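Asker: Have a look at the structure that comes next, please.
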Amino acid sequence: MIARGRFRVLAMLAVGAAVASACGSGRSALQAGLDEPDTIASTAAPSTSESSTVESGPPGEGAPTDSTGSTPDTTPATIAPTTTQSPLADQPGCPTGALDEASGPVEITFWHGMASELETSVIALTDEYNAGQDRVHIDLQNQTSYNSAIDKYIQSSQESRPTLIQFPDYVVQSFAQSGTLIPIEACLEDSGYDTSAFLERTLDAYTFEGIRWAMPFNVSNPVLYYNRQRFEAAGLDPDLSPVSLDDLRATSQAIVDTGAASFGWVVDSGADSGGSWFLEQWLGRSGELYADNGNGRVAPATQVLYDGQPGIDLLTFVQSMINDGLAVSVGGNPGGQDGFLKMIDPASPGAMTIGTSAALGSVIAALGGGIAPGLTEADIGVGPMPGPGDTPGVQVGGGSLWIVADKGDEQTAAAWDFITYLVSAEIQARWASETGYVPVRSDAVDLEPLATTYATDPRFKVPYDQLLTSVEGEASLSPALGPQREVRVATANAVAAIFDGADVATSLSAAAAQSDALIQSYNSRN
Amino acid sequence: MAIDLTTEGLEPAEPAAGVAVDRGPRNAVREFDEPVGWRRAGRYALLAAVSVIVLFPMYTTVIAALKPGDEVLDSPLLPTAFTLDVLREAWTSGHLGRYLVNSLVVAVIVTVFQVVTSVLAAYAFAILEFPGKRVLFLLFIATLLVPTEATVVVNFQTVDGLGWTNTFIGLSAPFLATAFGIFLLRQVFMTLPRDLLDAAAIDGVGHVGFLRHVALPLVRPTLGALALFSFLGTWNQYLWPNLVVTEQDMNTVQSGLRLLGKSNIDQPNLVMAGTVIAAVPMAIALFLFQRQLVKGLTAGAVKG
Amino acid sequence: MAMLLPSAVILGVFVVYPLGRAMVLGQQRCDNFGNNCVSNGLDQYVDLFRSIEFQNALGVTIRFALITVPLGVLAGVGLAVLADKYLRTIGGFRTVFSSTVATSVAVASLMWLFLLQPSVGALANMGWFTSIFPSVKDPGWLQDPGTALVAVAISSVWANLGFTFILVTAGLQSIPRDLHEAAAVDGAGGVRRFWSITVPLLGPTLLFVVVVSSTRAFQAYGEIDILTGGGPQPENPTTTIPYFIYGQNSPIRNDVGLQAGAAVLLFLLLLALSGLQLAGIGRRVHYGD
């Protein structure tokens, strides 16, 4: 009887092994169920130079790439948009005057994704708004993170969704196309709100197919954080930070040569930081497109272009700095802190790192709390993000406010009222001063407390200034893709592989193939 | 008609076969099971060493939870500083008090329902006869293999459609019954001696009466074990509460902990303090009911 | 029969029905909001199963189970046997060994995240430990693609230790003492008695522990969410199947059809796995005395 049982088990294992060995098609999950042959490449991570390649060869290359194959050096033609632009009239409307007819206070829910000190500021602003008038009451709900807010929004029914929600920059296309939100353009038109004082680029950052969809609220961009003590020890002027790529290399060289720190520059490959910035921000600064159709702003993008020679050159630059011992990578940096922690690592510290300007408040607080002995908060310098070219320039990042449709006129008007409060000059001055976010309007700069903050601590002004000096052009807006976050994950993987020593061109082209696959999958379904 | 349930025929003088005797140290055969001399010392040493390893993560966590912000980065092994402020802050800024209450309410609801529904179903499977019983039982057991990932999205839509998001009933609805409890209780019901049943039938006691007055008291340890498992399982849920709650006030302590962890990455001591607070109620429950748990499990549950 | 109704209704609505819906959804492709779905038939399941991403996740999940299940069972049995003696303070030790039952996935993972941080973690800053395992400090076990999965597995085994210990202890205590006494009288030593009496009679318990542990291993999500977020780039060696479905960096994050399909595939895998275990081990298990 034991023998029979054993036989049965062996038989099952044999069948299982047979099934398993027939597995592995070498194709991407995104292809599942579709009829076309292998035109979509897998999204599996590109293999680093040492490891063996997958059965079908490097993703994407074995497949018969056709019109969607990436052609690095030719000027990308603007491919005809796959969806026609829907005019503003077809979008849900925004009756901003409906509040006057309301009988009592209108209660609306606002989902946000701000953490620690940022959350404290949001709570304070909301409380004051609620206390200062009786027409609208805001119910603030923290959804932990942007990703959670996005997930919960998508899964909920329209009734369960809040009236007002804060979304990050990378969901512009997918939510604009969802049909569940009211474009802010409708509210601007209905109310005649004056946006002349606004930084034009902050409004453009949330534009898709010619319509402005969201109101920028917490604008941030990457800046360079550096340790002034180490600059001084290297004989460098602590008030000057590198702006061009050559400066960056020279500064790092000086720091390493004099032994002021173990590394000049700390980089990371996180999907929400280095893994996307080095391509998105730096290509934009060079005037190069990241994706076709004007970075996806003019019409939905159909392919990415970052694997061209400009992208290759940029990442080769970083890779060479790592190879020469001038820079070090801290990996995926999921919490956003590893770069900073590396700067205060007692054993082998780095002298500078690129981080989001939104972290300035937390960095100052952490240093003030004594997290690094011998380093006070005054010892951290902030400079514009280094990149190609000699002029500082960045693309707008951060978060914005979106109004959800089908909530009733009063609710919509209430949401609009709160939005106008949050982007008023006075509140933007306070918000920017407390958090380090960039005010979305230039007339906030002269108001208190921001004016004093900028005067006494010019570090807070850096992200603002570098927005103003950015070169305008079709590449100055960050890419708006349907599957933007997934594409960022693909580029982050490629960047990580490159930092590990993989061949730049191969990694980028693999990531580009994956990104194209993601875009195609999105476009075919949405 | 009054039923005398204390006669010897109905209430066994010693626990029925399969209902466990506590085999803890007090009942062990002393001469046989007690090591002496160097064996004893050796065993103590081994026990102590393993305990250190098992407790190590908790030790470092508590150490960190008691350190103020600027000291959290030095010597993670030694309690170089002591302050209760961090715990206090985790409690208030993390709203852990409210979240603990939420977790408690949901856990109690689920536990009560799971025990009740499992008792009923297990009794039916163990004692009653009906067509298709075997197949039905296998189907019930198969539900244990359905991963949460497969059900979570549709369940959310169901709960959302009923308007139960951000409510206690929404937090508990999918878990009000469990095949695990049915399995456990069926095992132990099946070990009840047949004569008990026959005697009750002769006395004209219906199934409900038998269940209430005879069967349940006899399987109390297993009920306790099931209740503890249900409570623990619900207390520790991670995926569902994250999904179904969009109003901060309704977070359970696990979601609250996740929120605390993500909001305060720069303050590990705060997050550690939060985990300490979240773990304490369970630790207390375990300490009080550990013996019962083992007792309940030996009552036929793991005998297949 | 009516007694079955409450359980049947609840399990039906919240387990069977969603599974059915998921099976239907799994052969459709929908837009980002789950609307406008297009059916593609069972081919989609086969394609998904054979795809690179799913195969990778399957490999990771199997590897994860192969580490956690044997390790967990061994540790649980080891601890239970260690504590199965008459000593006055044995109750205290037993409480210590079962203490991890009080930790949830979130709590345990956060504890280990803190322990393993290269800069501030306890393990990464213990001199003697880092001399044996230098990678715990640089680049860190959770940051090194070679060790990340093992690190997550260790955290998972630790978190489940209490539960396994309690189960095995219960199993040990159901073994009648007279069997051991009789064997001892006949001259069998401790080790011999362990293998001839304890292990066979622990059979049902061990089977139960193995099934529960492997089911858990195949559904590991929270640990990965907190500890590695899918794995150090670029190989992402900690993306298990559940994390492939719902993780933050998943390529199918906005594709409800593929998510449902992968979840159904996971269910089928669990079914096959349990079947294998019951057939393989279950047959050799002794029931009763």
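Asker: When you check A:TYR421 against the structure, is it among the hydroxyl-bearing types (Ser, Thr, Tyr), at pLDDT 90 or above and surrounded by 20 or more Cβ atoms within 10 Å (Cβ to Cβ), yes or no?
Answerer: no
Asker: Of all residues in segment A:468-490, count the ones that are within 14 Å of chain C (Cβ to nearest Cβ) and either touching a strand residue (DSSP E or B) at 6+ places or on another chain (Cβ under 7 Å) or part of a helix (DSSP H, G or I) (or both).
Answerer: Adding up the residues that qualify gives 8.
Asker: Going through segment C:101-126 one residue at a time, which ones are polar (S, T, N, Q), facing another protein chain (nearest Cβ under 7 Å) and under 28 Å from C:LEU82 (Cβ atoms)?
Answerer: Matches in segment C:101-126: C:THR103, C:SER104.
Asker: Something else: Please work out if B:ALA150 is crowded, with 22+ Cβ neighbours inside 10 Å, at pLDDT below 90 and either at the interface with chain C (Cβ under 7 Å from one of its Cβ atoms) or in contact with a Gly (Cβ under 6 Å, 6 or more places away or on another chain) (or both).
Answerer: Yes.
Asker: Residues to consider are A:GLU232, A:GLU189, A:GLU159; find the one that is out of contact with any Leu (no Cβ under 6 Å at 6 or more places or on another chain), free of Cβ contacts under 8 Å to residues at least 60 places away in the same chain and in a helix (DSSP H, G or I).
Answerer: Going through A:GLU232, A:GLU189, A:GLU159 in turn, the sole match is A:GLU232.
Asker: Quick test of your reading of the structure: A:ASP134 fulfils all but one of (1) in a loop (DSSP other than H, G, I, E, B); (2) over 21 Å from C:TYR246 (Cβ atoms); (3) in contact (Cβ under 8 Å) with a residue 40 or more places away in the chain. Name the failing condition by number.
Answerer: (3)
Asker: Can I ask one more? Quick check: is even one residue across segment B:243-250 of a type in the set (Asp, Glu), closer than 30 Å to A:GLY339 by Cβ and within 7 Å of another protein chain (Cβ to nearest Cβ)?
Answerer: Within segment B:243-250, not a single residue is of a type in the set (Asp, Glu), closer than 30 Å to A:GLY339 by Cβ and within 7 Å of another protein chain (Cβ to nearest Cβ).
Asker: Now a separate question. Give segment C:33-73 a look and list any residue that's within 28 Å of C:THR238 (Cα to Cα) and part of a loop (DSSP other than H, G, I, E, B), or say none.
Answerer: Within segment C:33-73, C:PHE33, C:GLY34, C:SER51 qualify.
Asker: List pairs: first in segment A:406-426 and at positive phi, second in a loop (DSSP other than H, G, I, E, B) and surrounded by fewer than 18 Cβ atoms within 10 Å (Cβ to Cβ), Cβ under 7 Å, 6+ apart or cross-chain?
Answerer: Once the first residue is at positive phi and sits in segment A:406-426, its partners that are in a loop (DSSP other than H, G, I, E, B) and surrounded by fewer than 18 Cβ atoms within 10 Å (Cβ to Cβ) give A:ASP406/A:GLN158.
Asker: For segment C:22-40, what are the residues that are more than 7 Å from chain A (Cβ to nearest Cβ), over 26 Å from the mean Cα position of the chain (by Cα) and modelled with pLDDT of 90 or more?
Answerer: C:VAL24, C:LEU25, C:GLN28, C:CYS37, C:VAL38, C:SER39
Conditions (1) at pLDDT 85 or above; (2) of a type outside the set (Asp, Glu); (3) more than 26 Å from A:ASP338 (Cα to Cα), marked per residue:
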| position | (1), (2), (3) |
| --- | --- |
| B:LEU223 | yes, yes, yes |
| B:ALA227 | yes, yes, yes |
| B:PRO241 | yes, yes, yes |
| B:GLN254 | yes, yes, no |
| B:ILE265 | no, yes, no |
| B:MET272 | yes, yes, no |
| B:LEU286 | no, yes, yes |
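Asker: Only one of these conditions is not met by A:SER521: (1) surrounded by fewer than 24 Cβ atoms within 10 Å (Cβ to Cβ); (2) more than 25 Å from A:ALA359 (Cα to Cα). Which number is it?
Answerer: (1)
Asker: Tell me, which residue of segment C:76-93 that is among the charged types (D, E, K, R) and more than 7 Å from chain B (Cβ to nearest Cβ) is surrounded by the fewest Cβ atoms within 10 Å (Cβ to Cβ)?
Answerer: Result: C:ARG88.
Asker: Looking only at segment B:127-147, count how many residues are assigned to a helix (DSSP H, G or I) and either among the hydroxyl-bearing types (Ser, Thr, Tyr) or crowded, with 19+ Cβ neighbours inside 10 Å (or both).
Answerer: 4
Asker: Yes or no: A:ALA327 in contact (Cβ under 8 Å) with a residue 12 or more places away in the chain, closer than 20 Å to A:ASN493 by Cβ and touching a strand residue (DSSP E or B) at 6+ places or on another chain (Cβ under 7 Å)?
Answerer: Against the criterion (in contact (Cβ under 8 Å) with a residue 12 or more places away in the chain, closer than 20 Å to A:ASN493 by Cβ and touching a strand residue (DSSP E or B) at 6+ places or on another chain (Cβ under 7 Å)), A:ALA327 qualifies.
Asker: Still on this structure, please answer the following. For a quick check of your reading: which helices (runs of 4 or more DSSP H) sit entirely within segment C:74-189 and have at least 2 residues that are under 21 Å from C:GLN233 (Cα atoms)?
Answerer: Where helices (runs of 4 or more DSSP H) fall fully within segment C:74-189 and carry at least 2 residues being under 21 Å from C:GLN233 (Cα atoms), they are C:105-116, C:148-173.
Asker: If you don't mind, there's one more thing I want to ask. Which members of segment A:374-396 meet the condition of being surrounded by fewer than 24 Cβ atoms within 10 Å (Cβ to Cβ), over 16 Å from A:SER241 (Cα atoms), of a type outside the set (A, V, I, L, M, F, W, C) and touching a Leu at 6+ places or on another chain (Cβ under 7 Å)?
Answerer: Matches in segment A:374-396: A:THR376, A:GLU377.
Asker: Hey, among A:SER329, A:SER348, which residue is within 22 Å of A:ARG249 (Cβ to Cβ) and surrounded by fewer than 23 Cβ atoms within 10 Å (Cβ to Cβ)?
Answerer: Step by step, each of A:SER329, A:SER348 is checked, and only A:SER348 is within 22 Å of A:ARG249 (Cβ to Cβ) and surrounded by fewer than 23 Cβ atoms within 10 Å (Cβ to Cβ).
The values are calculated or read from the model by the stated rules, or taken from the named source; none is laboratory data. Computed from a predicted model, the values in this text were never measured in an experiment. Using ideal geometry, Cβ is built from the backbone for each residue, glycine included, and neighbour counts are taken over all protein chains shown.
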